[in-house]
1. How large is the dipole of the range 44-164 about the Cα centre if only Lys and Arg carry +1 and Asp and Glu carry -1, each at its Cβ, rounded to the nearest 20 debye?
2. What is the packing order of peptides 84-91, 20-27, 187-194, taking the mean over residues of other C-beta atoms within 10 Å and listing the highest first?
3. Given the rule -39500 (n - 2.57) for each run of at least 4 DSSP H residues, summed and divided by the residues of the chain, what is its mean residue ellipticity at 222 nm, to the nearest 500 deg cm²/dmol?
4. Tell me which lysines have Cα within less than 18 Å of residue 132's Cα, excluding those fewer than 8 residues away on the same chain?
5. Quick one: putting +1 on the C-beta of Lys and Arg, -1 on the C-beta of Asp and Glu, what dipole do you get for the chain around its Cα centre, in Debye to the nearest 20?
6. For residue 76, what charge total do you get from the other residues with a beta carbon under 12 Å from its beta carbon, if Lys and Arg give +1 and Asp and Glu give -1?
7. Excluding residue 9 itself, calculate the net charge of residues whose Cβ lies under 12 Å from the Cβ of residue 9, where each Lys or Arg counts +1 and each Asp or Glu counts -1.
8. Once Lys and Arg get +1 and Asp and Glu get -1 on their Cβ, which of 201, 59, 5 lies farthest toward the positive end of the dipole of the chain?
Amino acid sequence: FLDPTVVTVNFIGLVPGVMWAGATWFASVVDPITSLSARNLDPEAQILAATGFQDAEFAYGRMDVAIGNPPFGDERITDTNKKRAEISGFKIHNYVISKSAMHLRPGGIMSFVVTSRFLDTANPEAREYLAKNFKFIGAFRLPNDAFAENAGTEVTTDIVFLQRLRGEQRDGVTADDMPWLDTKGRLLNQDNETVTLNRYFAENPGMLLGKPSM
């Protein structure tokens, strides 16, 4: 398992018991105190303390699962490793998801709790990069107050699931073939307002928990 940006250590601490015995965790975190919490939860975990994910040199193509809650914002990450030149300059949340993708084996799964901007923003940088090598399994959109009590924040949040392809990478990916690449979906909400959002949600409104609103 890979948790690229351990923050609350919820993912390591709450892994189901049936999965615990066979799980080896790898993680990185800038904050040294958080790394101590993670190591206490799983002493065998390989936690890179005081290390930003851009400096975490985990093995490529080896992880079964990548899971986490990456930081999000407009900050762009500069990566000096030439192997990752394609994702250098991505916004922080897009960078974390895209670099995590590099560490997954063929058939590996990744799931991230991420701001709705990952799927809804017009900037396609991470989506187009991932679409070449990943199958989009699906996503749930949570109400903007889902984490108000737990984390003291109100933001519209998605839980996104993708699986690394077992074959060659795709070329010429387009929104016509993959609805999740299209950010111009339309949905009529309960107040007869037209809401603009990712076409995946427009075509799968059952994956929206709460009332869509502008």
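Values in this text are rule-based calculations from the coordinates and carry no lab data. Computed from a predicted structure; not experimentally measured. With ideal geometry, Cβ positions are generated from the backbone for all residues, glycine too; neighbour counts draw on all protein chains shown.
1. Numbers: 14 positive and 15 negative charges, 130 e Å.
With only Lys, Arg, Asp and Glu charged at Cβ, the dipole is about 620 debye.
2. Output ranking for 84-91, 20-27, 187-194: 84-91, 20-27, 187-194.
3. The helix-only estimate for the chain comes to -5500 deg cm²/dmol at 222 nm.
4. Once the sequence-local lysines are set aside, what remains near residue 132 is 83, 99.
5. Roughly 540 debye for the chain.
6. Details: positive: 91; negative: 74, 75, 79, 125.
Neighbour charge sum, excluding residue 76 itself: -3.
7. Values: positive: 39; negative: 3, 31, 42.
Combined, the nearby Lys, Arg, Asp and Glu give -2.
8. Looking along the dipole axis, the top candidate is 59.
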